[in-house]
1. Of all beta bridges DSSP finds with both residues in the chain, what is the antiparallel percent, to the nearest 5?
2. Calculate, in nm to one decimal, what residue 74 and residue 2 gain on full extension: separation in residues at 0.36 nm each, minus their alpha carbon distance.
3. In nm, give the distance between the simple-model label positions of residue 190 and residue 126, each being 7 Å from the Cα along the Cα-to-Cβ direction.
4. Taking Cα atoms of region 55-158, Rg/Rh with Kirkwood Rh, to two decimals?
5. Can you compute the helix-only [θ] at 222 nm over the chain? Use -39500 (n - 2.57) per DSSP H run of at least 4 residues, normalise by all residues, nearest 500 deg cm²/dmol.
6. In nm, to one decimal, how far is the residue 38 label point from the residue 202 one, both placed 7 Å along Cα→Cβ?
7. Which value results when the Cα radius of gyration for region 98-173 is divided by 2.2 N^0.38 Å?
8. With r defined as the distance between the Cβ atoms of residue 217 and residue 240 and R0 fixed at 51 Å, what FRET efficiency is calculated, to the nearest 0.05?
């Protein structure tokens, strides 16, 4: 864990510069706006114990948008653990020295999607240890940006389920965040977009009624299906509600 502790320290020291640059890009260059975030931020800050955040994935800025949605710069300076860890794909964010440094200082752990099983299991152990220690983790269970503009149930992954299975008494903040103007697959939300959100808190059930012997991948899949059902409910709420 020494390398991760060092990364946390360096990330904290670099945070004011990275935050200023990121906010300038989001609000001055892209001119994004957010619907009221007070309730979401208050709920997120008041959560106690092990926490992960599960979110939909539509564009390349989702991690930055979620950082802003969950807390202010002041919140993160006061409690840096509130700034979630991200798991970008190594093939997308290890391409240049700038991106490698930016992701490292931005509390990211690059994931090799083609890694052998033992490497994947080690990653799960590392992430689970982080969550047990009070660090918070952002997971996009779709694995990549949705090609349809809606939740991609066919490619829903089980990574979040494996962490839920490994960490006792874990809470999940399910967050659905998007612009209504983004109707399909895209790289960025349109300039000037308004970002809206829906969210809920869940403590995943450990097994179906009368069945408590699920283990391993079967248990991870069971948890992952609970997350998918909750995210689909949030998506339905988003599209059936008024702006």
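1. In the chain, DSSP labels about 40 percent of beta bridges as antiparallel.
2. Fully extending the segment from residue 74 to residue 2 adds 23.3 nm.
3. 4.0
4. Working: Rg = 14.2 Å, Rh = 14.8 Å.
In region 55-158, Rg relative to Rh is 0.96.
5. Computed mean residue ellipticity for the chain: -14000 deg cm²/dmol.
6. Spacing of the two 7 Å Cα→Cβ label points: 2.9 nm.
7. Compactness ratio reported: 1.20.
8. On the way: r = 34 Å, r/R0 = 0.67.
Step by step, r from the Cβ atoms, then E = 0.90.
Each reported figure results from applying straightforward, stated rules to the coordinates on display, with no laboratory input. It should be emphasised that the depicted structure is a prediction, and the values quoted were computed from it without experimental measurement. All Cβ positions, glycine included, derive from the backbone under ideal geometry; neighbour counts span all protein chains shown.
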